[in-house]
Amino acid sequence: MDPVTVTAGCGVAASAFRFGYVWLTARAHKRRIEMEIRRAGAQRALLMTTVGSLPPGSEITEVLPDGRRVTIKLPPGEAA
């Protein structure tokens, strides 16, 4: 076999491997982002349901992943 043919064949194989790797990595990243978006939507819906069922004057405190605390206080005179 001609050395040029072997070299060209190796280059094509390497390019195909790189393309496949990049495509699979991008696909996995896209699926991970879509999953995080669905999870955030479900958490938001659950939070809205919880807030809607609380009596007036209630407080909700959430601890964020970085350690900060967020407190929401409902007005005392009206329901959510």
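The values are calculated or read from the model by the stated rules, or taken from the named source; none is laboratory data. Keep in mind it's a predicted model, so treat the numbers as computed, not measured. A quick note on method: Cβ atoms are made from the backbone with ideal geometry, for glycine too, and the neighbour counts reach across all protein chains shown. Note: accessible area is taken over every heavy atom of the protein model, side chains too, but ligands, DNA and RNA are not part of it. Shrake-Rupley method; radii C 1.70, N 1.55, O 1.52, S 1.80 Å.
Restricted to the range 59-73, and to residues there that are within 20 Å of the chain's Cα centre (by Cα) and within 18 Å of ARG44 (Cα to Cα), the residue that is least open to solvent (accessible area, probe 1.4 Å) is LEU64.
Out of ILE33, ILE37, one residue alone is open to solvent by less than 100 Å² (accessible area, probe 1.4 Å), modelled with pLDDT of 90 or more and in a helix (DSSP H, G or I). It is ILE33.
Residues in the range 43-58 that are surrounded by fewer than 10 Cβ atoms within 10 Å (Cβ to Cβ) and assigned to a helix (DSSP H, G or I): THR49, GLY52.
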